[in-house]
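Accompanying notes for the structure given below.
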């Protein structure tokens, strides 16, 4: 079953958004492996992070460094209302860790690399604004772990994905053994990880790994439509809702999760956005949320 395609009207981009996104090691914009764009029009408040490593978006030190900077930038920018993580490389979202780069590392260097990659995934998961990963092609190993660190996943009909590490004699090391079971259940996750099985888009939807499947080439439009819908809601409320869900799921029981919900509900109750939402409802007009 395919997700419905919703194309946002009036969408346009306005160049690269570099504010607060310092490149590590003096890397020039022309040599960048990560596009960082702020969108306008109907998608005001949406930021696109587009991976552009010609080597199948393999997660090497350079791309990881740029992702770290970008995640830091969007995390501290209160004007960001949703983030779309995509690929500019045809046929692939992310092939996982750069194994050629890993092959020349010493054992201590390789261990530090995995720690850094794991930390990146945690930072992606902790972005205050909602995140949407969009894939038209392959997402294997660390590539799928990167998608799992996002709040929502949408794919094109030709997408394939899997945690394939056991076929290399290792296990997923950047959150895959934890996030996939929480998403689709332990038994299904174990089957996929133990067999290193790759699944297509429709099967991924059936398993609950992705939220929607679009016709090939249309997934990014669908992701932007969803991102725009999120961006038009109260930004403080959306961020509070994300925090309530994420922190609540880490609790041992529902009552502790409810305590988190009560705390965050109280936080948004006295905001200008809450007053604007009520006024807009009474006046039968779209709300103009300011994030205050």
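Values in this text are rule-based calculations from the coordinates and carry no lab data. The shown structure was predicted, so the numbers you read here are calculated from the model rather than taken from an experiment.
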Projected-area average for the chain over all orientations - Cα convex hull basis, square nanometres
16.4 nm²
Take every DSSP beta bridge with both residues inside the chain and express the antiparallel ones as a percent of the total, to the nearest 5.
30 percent
So how long is each side of the range 235-283 along the principal axes, counting just the alpha-carbon atoms, biggest first, in Å?
42, 16, 14
Between 276, 136, 109, where does the largest GNM mean-square fluctuation fall for the chain, given springs only between Cα atoms within less than 10 Å?
109
Angle check, please: helix 235-249 long axis (alpha carbons) against the longest principal axis of the chain (alpha carbons), in degrees 0 to 90, nearest 10.
50 degrees
Rounded to two decimals, the Debye log10 I(q)/I(0) of the range 41-148 (Cα scatterers, no solvent) at q = 0.12, 0.15, 0.18 Å⁻¹ is -0.40, -0.62, -0.87
Where does the range 170-237 land on Rg/Rh, using Cα atoms and the Kirkwood Rh?
1.08
Cα-based shape type of the range 137-252, given that a ≥ b ≥ c are square roots of the gyration tensor eigenvalues and the cut on a/c is 1.5
oblate
For Cα pairs less than 8 Å apart in space and 6+ apart in sequence, what is the mean separation divided by the residue count of the range 235-283, i.e. the relative contact order in percent?
34 percent
Over the chain, what relative contact order in percent results from Cα pairs under 8 Å that are six or more residues apart?
18 percent
With n ≥ 4 as the cut-off for DSSP H runs, can you work out [θ] at 222 nm for the chain, using -39500 (n - 2.57) per run divided by the number of residues, rounded to the nearest 500?
-13500 deg cm²/dmol
On a full-extension model of 0.36 nm per residue, what is the gain between residue 112 and residue 72, subtracting their alpha-carbon distance, rounded to one decimal in nm?
12.4 nm
What is the helix-to-structure angle for 254-269, meaning the angle in degrees between its Cα long axis and the longest Cα principal axis of the chain, kept from 0 to 90 and rounded to the nearest 10?
50 degrees
I want to verify the translational diffusion coefficient of the range 83-130 in µm²/s; compute it with Stokes-Einstein, Rh as the Kirkwood radius over Cα pairs, at 10 °C and 1.306 mPa s.
124 µm²/s
Acute angle (nearest 10 degrees) that the helix 186-195 long axis makes with the longest principal axis of the chain, alpha-carbon atoms:
30 degrees
Counting DSSP beta bridges with both ends in the range 24-176, the antiparallel % (nearest 5)
20 percent
